[in-house]
Every structure is written in C-alpha cells, then in structure tokens.
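Some notes on the structure that comes next.
The values are calculated or read from the model by the stated rules, or taken from the named source; none is laboratory data. Here the structure is a predicted model, which is why all the values come from computation and not from measurement. Ideal geometry is used to build each Cβ from the backbone, glycine not excepted, and the neighbour counts take in all protein chains shown.
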Amino acid sequence: MTLGNAAAAKVRLIVWCRDCGHQVEPDPSETAARYGADTTVPDWRERLVCSKCVSREIDMVVTEPLKASALAALRQTAETLQQRPSTRLRM
C-alpha cells in the first residue's frame, strides 16, 4: 500500500514509539503530500523518528476509518473526561 492509496481509502495510520509509547495518528492525505503519494507505507515507516525521544523504534498499524457514530462517541467521552476533576488512586 502506498501513502496515496491510504489517503484515497481514508484509512487511519496509527503510529507509536516502542521505546517511550508516544502515539500519533497522522493524516494520510497530508502524509502523502509531504512524503510522496508513491511512497509505500513500510518505506515511510522506516523514515520515522519519535518526536518525543528521537527513537527509531517505530511501529504502526493501518486500519479502517472510524465510523461517524464511533467518532461521535469518542468525542463525547473526551469532553466528559475533560469536565471531571482529576483523581489520584492511592496505593
């Protein structure tokens, strides 16, 4: 799969650092524009560096786009969590 194919299919690219756990979900269209639509997803992944810890230990998945109902539920959950006071678990 190329970045251009990923953009056209509107898939999600979920990328994370195996060293520090930093995770991002870059926009496939912007990624294709920046790195070239003909660049394969595995070749693109090999070029990635974690923006938090500068590791090259990057892993990723390509998955289906979120359905509108799932996306709405996630947004609602995020809004609810932002409104709650933070609590710490005592151990």
Q: Would you check which residues across the range 33-64 are in contact (Cβ under 8 Å) with a residue 40 or more places away in the chain and touching an Asp or Glu at 6+ places or on another chain (Cβ under 7 Å) and list them?
A: GLU57
(Q) I'm trying to understand the selection: among the residues of the range 57-91, which are modelled with pLDDT of 70 or more and of a type in the set (S, T, N, Q)? (A) THR63, GLN76, THR77, THR80, GLN82, GLN83
Q: Kindly indicate whether any position in the range 40-56 is over 22 Å from ALA6 (Cβ atoms), modelled with pLDDT of 75 or more and not in a loop (DSSP other than H, G, I, E, B).
A: no
**Q.** Pairs with Cβ under 8 Å, 6+ apart, first in the range 1-23 and farther than 17 Å from TYR35 by Cα, second of a type in the set (Phe, Trp, Tyr)
**A.** HIS22/TRP16; GLN23/TRP16
